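The structure appears right after this line, and notes come after that.
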Number of protein chains: 2
Amino acid sequence: MAQTSEPGASVTARVLRVLEAFRVERQRMTLSEIAYWAGLPLSTAHRLVGELVKWGALERDGDERYHVGLRLWEIAALSPRSAGLREVALPYLEDLYEATHENVQLAVLDGIEAVYVERLCGRGAVNAISRVGGRLPLHATGVGLVLLAYSDHEFQEQVLAAPLRRFGPKTITSPRHLRRVLAVVRQERVAVSDRQIEMETLSVAAPVFGPSDRVVAALSIVISARCSPSAYIPAVRTAARSVSRALCG
Amino acid sequence: MAQTSEPGASVTARVLRVLEAFRVERQRMTLSEIAYWAGLPLSTAHRLVGELVKWGALERDGDERYHVGLRLWEIAALSPRSAGLREVALPYLEDLYEATHENVQLAVLDGIEAVYVERLCGRGAVNAISRVGGRLPLHATGVGLVLLAYSDHEFQEQVLAAPLRRFGPKTITSPRHLRRVLAVVRQERVAVSDRQIEMETLSVAAPVFGPSDRVVAALSIVISARCSPSAYIPAVRTAARSVSRALCG
DNA sequence: CTCCACTCTTCCATTGAATGGAAGGAGGAC
DNA sequence: GTCCTCCTTCCATTCAATGGAAGAGTGGAG
């Protein structure tokens, strides 16, 4: 073994960094690109990528580029917090989608962000910026507000103590304002996020409770900002309750 | 480093074996179980699992059991052949679901099996045995017949040369019979798989073509065996064509 | 309380798997 | 042909990985 480029870095960590190099803006990459983004020497990357391809975690296409492979996705489809949750929730999401034909989404809390685990949208609805597998900040989205409002007090204080990123003129950036919003969310059991990220859309979100009576997800609808959110609140609440019931078996 | 339990086995391969230990029937496991299924000594498993948890590929719950983590799923959501395909196809799958309220599925070919990448089903439809992220043999499912019929000749011969597993009295197990079915699929551009796995269901499937005019997926509907497949053929074909069009930009 | 069973966690001397610069190969453009 | 870019291969060296064994922790039974 020659000198390592990075003393202390384990193989496992390096492999995970290879996977982590893939982003929505970098879905297909050459070996050199992977090595660059993973911070690994080319030879090392070549070896690790080779093994990942052999197993199916990465796949290689005709242009000698690599993309995430089906095999990894198969394993990941066992994740209870994403694919598992989605499976239980899907009928109710579909019902809501069918009733409204708007963007219907389901998200969970991870770290200090909301991770979107499902999104049903047809071709007519406004184009919400969320993406299945993507993340958005808690304070600026309907689902995020719900997840935050129902998280433990310490966590809320932590989020409130950090800077609240601004996306546009309507983004909540004051902790004081966010506190008030969170209190309303808890009272109303619904969150409305009005044009916080995009001026054309607003979202209505409600909490999904799990078996221990803790909020495990948030369900939302994204509609045009020209619509009235109150028209959607009962449907969103209903769908979220149905998912909650299904989760508590 | 002490003597390895398995000379020649790389760390990467071992890590991947840890991930591979997770199955639909083993979604939550103790460390000992993971070690057992991955064929690793307890200490080794403990170390590798620890790193995977740190990164988020595995998560640990209150009962000291591990499950697949959200972070792995996030990366996997970048897989063009599953999540990516699903994203493009979803509006059309939804349309078909809404029109029929039956089980709607999308599958791709991997190895010698069909892998289900999407499945929309409500609470009323028959309970198809497929699972998102799951696999089924090509000869016994609608999507599988389509994927097989449109695969290259060599591959077809390979599948036809191997034993065709029987699921029930109606399963196609004769290569001769399968050959005839495949020819009909190619002619009709639709496959009907009638009670091949379960006596209560049949599926109607059509090919989804990609940019190079090759079949990249199969779209199907699963209905009660008491229904007439011909009533669904036009809708399934239409939906598959729409997805094909969307994939070819 | 003690004892037992089970599972997990920690340790560390040893070694075997990993390393990455350098050379060579492949393909494309001029 | 040369030049450039990216990938692939090689191997002496080293450092990260190893796993049995001991210890720790937990829960249940008596």
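We did not get these values from a lab; they are worked out from the coordinates using the rules stated. Everything numeric in this text was worked out from a predicted model, so none of it was measured. Quick reminder, even Gly has a Cβ in these numbers, built from the backbone with ideal geometry, and neighbours come from all protein chains shown.
State the Cα centre-to-centre distance between segment B:188-204 and segment B:155-185 in whole Å.
Using only Cα atoms to place each centre, the spacing works out to 13 Å.
Round to the nearest 0.05 the FRET efficiency obtained for residue B:245 and residue B:200 when R0 = 45 Å and r is the Cβ-Cβ distance.
Approximately 0.85, to the nearest 0.05.
How far is residue B:4 from itself in the other copies, in nm, if each label sits 7 Å out from Cα along the Cα-Cβ line, shortest first?
1.6
Classify segment A:115-215: rounded, prolate or oblate, from the alpha-carbon gyration tensor (a ≥ b ≥ c, eigenvalue square roots; a/c under 1.5 rounded; otherwise prolate if a/b is larger than b/c)?
oblate
Hey, what did chain B get for relative contact order, percent, Cα under 8 Å, at least 6 apart?
Relative contact order, chain B: 14 percent.
Describe numerically, in nm with one decimal, the distance between label points set 7 Å from Cα along Cα→Cβ at residue A:123 and at residue B:3.
6.6
Place a +1 charge on the Cβ of each Lys and Arg in segment A:87-197 and a -1 charge on the Cβ of each Asp and Glu, then give the dipole magnitude about the Cα centre in debye, rounded to the nearest 20.
Roughly 680 debye for segment A:87-197.
Between residue A:177 and the same site in the other copies, what are the distances in nm, shortest first, taking label points 7 Å from Cα along the C-beta direction?
Inter-copy label distances (nm, one decimal, shortest first): 6.9.
Relative contact order for segment B:11-75: what percent, with Cα pairs under 8 Å and sequence separation of 6 or more? Kindly include the intermediate steps, with their values, before the conclusion.
Numbers: 73 pairs, mean separation 19.3, N = 65.
Taking the mean separation of contacting Cα pairs over the length of segment B:11-75, I get 30 percent.
Taking Cα atoms, how many degrees apart are the long axis of helix B:233-247 and the longest axis of chain B, rounded to 10 and kept between 0 and 90?
The answer is roughly 60 degrees.
Can you give the helix-only mean residue ellipticity at 222 nm for chain A, where every DSSP H stretch with n ≥ 4 adds -39500 (n - 2.57) and the sum goes over all residues, rounded to the nearest 500 deg cm²/dmol?
Estimated from H runs of four or more residues: -12500 deg cm²/dmol.
With θ taken as phi - 60° and the coefficients 6.51, -1.76 and 1.60, list the Karplus ³J(HN,Hα) couplings across segment A:2-9 in order, rounded to whole Hz; mark glycine and proline as x.
Working through the residues one at a time gives 6, 4, 6, 6, 8, x, x, 6 Hz.
Compute the distribution of all C-alpha to C-alpha distances in the protein assembly as shown, in bins of 20 Å from 0, and list the percent of pairs in each, rounded to whole numbers.
Distribution as computed: 22, 53, 24, 1 percent.
From the residues A:50, B:53, A:134, which one has its Cα farthest along the dipole of the protein assembly as shown in the positive direction, the dipole being from +1 and -1 charges on Cβ of Lys/Arg and Asp/Glu about the Cα centre?
Positive-most Cα among the choices belongs to A:134.
Mind pulling the angle between the C-alpha long axis of helix A:175-188 and the longest principal axis of chain A? Nearest 10 degrees, somewhere in 0 to 90.
Helix A:175-188 sits roughly 60 degrees off the main axis of chain A.
Determine the relative contact order of segment A:1-149: mean sequence separation of Cα pairs under 8 Å and six or more apart, normalised by residue count, in whole percent.
13
What's the angle, to the nearest 10 degrees (0 to 90), between helix A:11-20's Cα axis and the longest principal axis of chain A?
50
What's the magnitude of the charge dipole for segment A:29-69 around its Cα centre, counting Lys and Arg as +1 and Asp and Glu as -1 at the beta-carbon? Answer in Debye, nearest 20.
Rounded to the nearest 20 debye, it is 160 debye.
For residue B:158, place a label point 7 Å from Cα along the Cα-to-Cβ direction in every copy; what are the distances to the other copies, in nm, shortest first?
4.9
For segment B:24-148, what is the convex hull (Cα atoms) projected area averaged across all directions, in square nanometres?
Seen from a random direction, the Cα hull of segment B:24-148 projects 9.6 nm² on average.
For segment B:37-102, just say rounded, prolate or oblate: build the C-alpha gyration tensor, square-root its eigenvalues into a ≥ b ≥ c, call rounded for a/c under 1.5, and beyond that prolate if a/b exceeds b/c, oblate if not.
Prolate, since a/c reaches 1.5 and a/b exceeds b/c.
May I ask for the distance between the Cα centers of segment A:45-90 and segment B:82-118, given as a whole number of Å?
First find each Cα centre; the distance between them is then 17 Å.
Once the Cα gyration tensor of segment B:11-75 is found, what semi-axes does its equivalent ellipsoid get, as square roots of 5 times the eigenvalues, in whole Å, sorted largest first?
Whole-Å semi-axes of the equivalent ellipsoid: 15, 13, 11.
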